[in-house]
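This report concerns only the one structure given below.
Each value in this text was obtained by applying a stated rule to the coordinates, not by laboratory testing. Treat the numbers as computed from the prediction; the structure is a model and nothing was measured. Ideal geometry is used to build each Cβ from the backbone, glycine not excepted, and the neighbour counts take in all protein chains shown.
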Amino acid sequence: MNTEDILGTWSIDAKGTPTLEFAEDGAVSGTDGCNGISTTYTVEGDRVVLEQFASTMMACQGVDDWLRGVREVTVDGDTLVVKNASGTEIGQLERQSS
């Protein structure tokens with residue numbers, strides 16, 4: 001995978017609009033649908049590994065904050081497959097047009 005494959009904004013239409021945005025400089029920012037996320041990433045073969053992130057800690061009723069568990073992602077076309085630290089898929093985000 002090339003860094004260009006991951007660049008841009010990925011999200012889904014769910015309460016709070018969970019979103020990750022990957023920048024060329026290795027930064028990742030976004031929201032788990034409630035709290036802000038900020039970290040860095042590296043491309044390792046066919047996957048992208050995210051460092052443990054800093055996050056705000058607001059309580060948001062009715063929001064599934066599954067994205068809080070992201071530790072790596074892979075790209076399948078216009079789908080970002082989100083995995084936890086053990087490599088288990090926990091969700092998916094879609095590429096947003098620029």
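Of the residues making up the stretch 47-88, just one is over 15 Å from Leu20 (Cβ atoms) and either among the aromatic types (Phe, Trp, Tyr) or touching a strand residue (DSSP E or B) at 6+ places or on another chain (Cβ under 6 Å) (or both), namely Thr56.
Going by the structure shown, is Val73 in contact with a helix residue (DSSP H, G or I) (Cβ under 6 Å, 6 or more places away or on another chain), closer than 17 Å to Met1 by Cα and touching a residue at least 40 places away in the same chain (Cβ under 8 Å)?
Numbers: in contact with a helix residue (DSSP H, G or I) (Cβ under 6 Å, 6 or more places away or on another chain): no; closer than 17 Å to Met1 by Cα: yes; touching a residue at least 40 places away in the same chain (Cβ under 8 Å): yes.
Answer is no for this residue.
Taking the criterion of being out of contact with any helix residue (DSSP H, G or I) (no Cβ under 9 Å at 6 or more places or on another chain) and touching a residue at least 24 places away in the same chain (Cβ under 8 Å), the residues of the stretch 13-27 that qualify are Ala14, Lys15, Gly16.
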